[in-house]
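Below: the structure, in structure tokens.
The values are calculated or read from the model by the stated rules, or taken from the named source; none is laboratory data. The structure presented is a predicted model; accordingly, all values stated were derived computationally and were not measured. Neighbour counts are summed over all protein chains in view; Cβ atoms, including those assigned to glycine, are modelled from backbone coordinates with ideal geometry. In case anyone asks, the SASA skips ligands and DNA or RNA and just uses the protein heavy atoms, side chains included. Shrake-Rupley method; radii C 1.70, N 1.55, O 1.52, S 1.80 Å.
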Amino acid sequence: MAKSKFEYVRNFETDDTCLRNCYIVVRLDGRNFHKFAEQHKFTKPNDDRALGLMKRSARSVMEELEDITIAYGQSDEFSFVFKRSSTWFKRRASKLMTHVASQFSSSYVFYWKEFFGEQPLLYPPGFDGRVVLYPSNHNLKDYLSWRQADCHINNLYNTVFWTLVQRGGLTTAQAEDRLKGTLAADKNEILFSEFDINYNNESALHRKGTTLIWEKRDETVVKRVKLPNEEEKDVPVTRSRRRVEAYHCDIIGEQFWEEHPDVLEEDG
Ligand code: DGT
Ligand code: MG
Ligand code: MG
Ligand code: MG
Ligand code: MG
């Protein structure tokens, strides 16, 4: 077929193929969620409806898109890791990132009611996306550790801050002042000695964030089969099914990776 004289404009497209052998990480972050949380009356410091909706939307991303092996989320962000051998969309960064962002955003709106019930969604939320490549398992684990450490630091701060305000009767300015220059140990001590709260017993979802991975589970269903003699019989059929499982555990240490060796591919 003859090409039109306009065909050459294609050559203006830039090549954004991701380097081979690298894990492709797409991280999304809610746009101006400071305001979004205020307007939708998110509870402080953590709103389990909002976190549940983020997790549900991330699950939809993993189920609808190919080659994502692990996802990690906290607050208004989620990171998705494509396996290093993925050839989905020829590894084009813009295609991968925009598919993740749009699938996540539409899911966030689609599933809103499941988590917020009759409370209306007041305006369409948006999420930014970025792509980062990691060449080794070590780098990838450090990336995920960085996000989980961020979750920990913010959650410890927010937990003490809002406890001082909500239970201690401090103003937000006083709570801020009180926490200036404090270390993690000081914050734990305030919670423990003044409010009888052991931070380690707080919700794992809030302390550790959400990790999603694929897992194989055996599922047994009863099937009605026809025998050669035309009789019918119920027989149990066991199938191994892949499904997305959620964890709220430490992923900085080695234990998680030892228990889930299929998440990462061999280096080299
Ligand atoms: P950005 O990302 O630059 O467009 O601006 P923000 O406002 O989204 O800033 P970011 O992403 O650094 O911080 C996330 C905001 O979302 C932060 O202000 C707190 C809010 N947020 C996230 N999860 C919760 C929650 O469970 N409860 C409440 N009350 N706020 C939350
Ligand atoms: Mg930001
Ligand atoms: Mg944000
Ligand atoms: Mg954020
Ligand atoms: Mg098309």
Provide, as a two-decimal number, the C-alpha radius of gyration of region 90-183 over 2.2 N^0.38 Å, N being how many residues it has. 1.56
Log entry: pair-distance distribution for region 17-138, C-alpha pairs binned every 10 Å from zero, whole % per bin is 13, 45, 27, 13, 2
Using the heavy atoms of the protein chains and a 1.4 angstrom probe, tell me the accessible area per residue for region 114-268 in square angstrom. 64
The chain, dipole about Cα centre (Lys/Arg Cβ +1, Asp/Glu Cβ -1), debye to the nearest 20: 980
Tilt relative to the chain, helix 48-64 - C-alpha long axis, 0 to 90 degrees, to 10: 20
Please give the direction-averaged projected area of the C-alpha convex hull for region 192-242, in square nanometres with one decimal. 6.1
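When the accessible area of the chain is split by element with a 1.4 Å probe, what percent falls to carbon and sulfur? Could the numbers behind the result be given before it?
Working: 8030 of 16170 Å².
Roughly 50 percent of what the probe reaches on the chain is carbon or sulfur.
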So how strong a dipole does region 1-75 carry about its Cα centre when Lys and Arg Cβ are +1 and Asp and Glu Cβ are -1, to the nearest 20 debye? 280
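Taking only DSSP H segments of four or more residues, each worth -39500 (n - 2.57), what value at 222 nm results for the chain once the sum is divided by all its residues, to the nearest 500 deg cm²/dmol?
Working: 9 runs with 101 residues, N = 268.
Roughly -11500 deg cm²/dmol at 222 nm, from the helical runs in the chain.
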Over region 92-132, what per residue volume does the convex hull of the Cα atoms give, in whole Å³? 64
Quick one: Karplus J couplings for region 154-166, per residue in order, coefficients 6.51, -1.76, 1.60, θ = phi - 60°, nearest Hz, x for Gly and Pro? 5, 5, 5, 4, 5, 5, 5, 3, 6, 5, 4, 6, 6
So what is log10(I(q)/I(0)) for region 151-268 at q = 0.20 1/Å, when the Debye sum runs over its Cα atoms only? -1.07
Rg over Rh of the chain, using C-alpha atoms and the Kirkwood radius, what does it come to? 1.07
If eta is 0.890 mPa s and T is 25 °C, what Stokes-Einstein diffusion coefficient results for region 226-268, Kirkwood Rh from Cα pairs, in µm²/s? 164
Which longest run of the chain has no exposed loop site in it, a site being GluC sites (Glu not before Pro) in a DSSP loop with at most 15 other beta carbons within 10 Å, and the site itself not part of the run? 119-201
